1. For the stretch 89-139, give me each residue that is farther than 18 Å from Ser151 by Cβ and in contact with a strand residue (DSSP E or B) (Cβ under 6 Å, 6 or more places away or on another chain).
2. Give Asp137, Asp62 a once-over and let me know the one that is touching a residue at least 40 places away in the same chain (Cβ under 8 Å), acidic (Asp, Glu) and under 27 Å from Thr20 (Cα atoms).
3. In the stretch 119-149, what residues are under 15 Å from Val56 (Cβ atoms), outside any loop (DSSP other than H, G, I, E, B) and not hydrophobic (A, V, I, L, M, F, W, C)?
4. Please enumerate the residues belonging to the stretch 65-106 that are within 19 Å of Asp118 (Cα to Cα) and of a type in the set (Val, Ile, Thr).
5. Among (1) modelled with pLDDT of 90 or more; (2) open to solvent by 10 Å² or more (accessible area, probe 1.4 Å); (3) closer than 29 Å to Val10 by Cβ, there is one condition Glu154 misses while meeting the rest; what is its number?
Amino acid sequence: MNARKYEMRVGENRVPYLATGGNTKNTGGEKHDSPRKVADIIRYTYRADQLPEEHVYLVAFDVKMHLIGLFELSHGTSRESILNPPQIMQRLFLCGASTFCIVHNHPSGDVTPSADDDRLTKRIAQVAKICGVDFCDHIIIAGVHKNAYYSYREHSELLN
């Protein structure tokens, strides 16, 4: 089973809906329980380690951590990308996800989180808790060092 890449669209009545943007070659039947697996999916699907600007992705899972959907949430500059929690929750509710993680790239190659990354992670965690959706990780992948990543779940108290 392939996971779907989704895009948000708005119908004539201005009500948002999910449109299929294609399938991934990653199997949705596999359990994605490690940050390395998730980072590799984003690298492979979006070539995020080769992008000159920051991009933010939403990775949606079912309750057993099977991949059910991928979204590109934001495309920013070489230093930042804008994102807000309602945008995340809307997509999760529409695709039926119970767990999710956020992944973004640092084109500089340095996966060290910025103060803005920390603030955003904390804010998303608060909103997810209120909405009853499990925020399992925020992963930063490098642009230059293809195997480098930073997992908030592994390194920070913000998600533990």
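1. Arg91, Leu92, Leu94, Cys95, Ala97, listed by residue number.
2. Values: Asp62 fails: touching a residue at least 40 places away in the same chain (Cβ under 8 Å).
That would be Asp137, the only listed residue that is touching a residue at least 40 places away in the same chain (Cβ under 8 Å), acidic (Asp, Glu) and under 27 Å from Thr20 (Cα atoms).
3. Arg119, Thr121, Arg123, Asp137, His138, Tyr149
4. Matches in the stretch 65-106: Thr77, Ile82, Ile88, Ile102, Val103.
5. (3)
The values are calculated or read from the model by the stated rules, or taken from the named source; none is laboratory data. From a predicted model like this one, the values you see are computed outputs, not experimental measurements. In this analysis, Cβ positions are derived from the backbone assuming ideal geometry, glycine residues included, and neighbour counts consider all displayed protein chains. Calculation scope for accessible area: heavy atoms of the full protein, side chains included, ligands and nucleic acids excluded. Shrake-Rupley method; radii C 1.70, N 1.55, O 1.52, S 1.80 Å.
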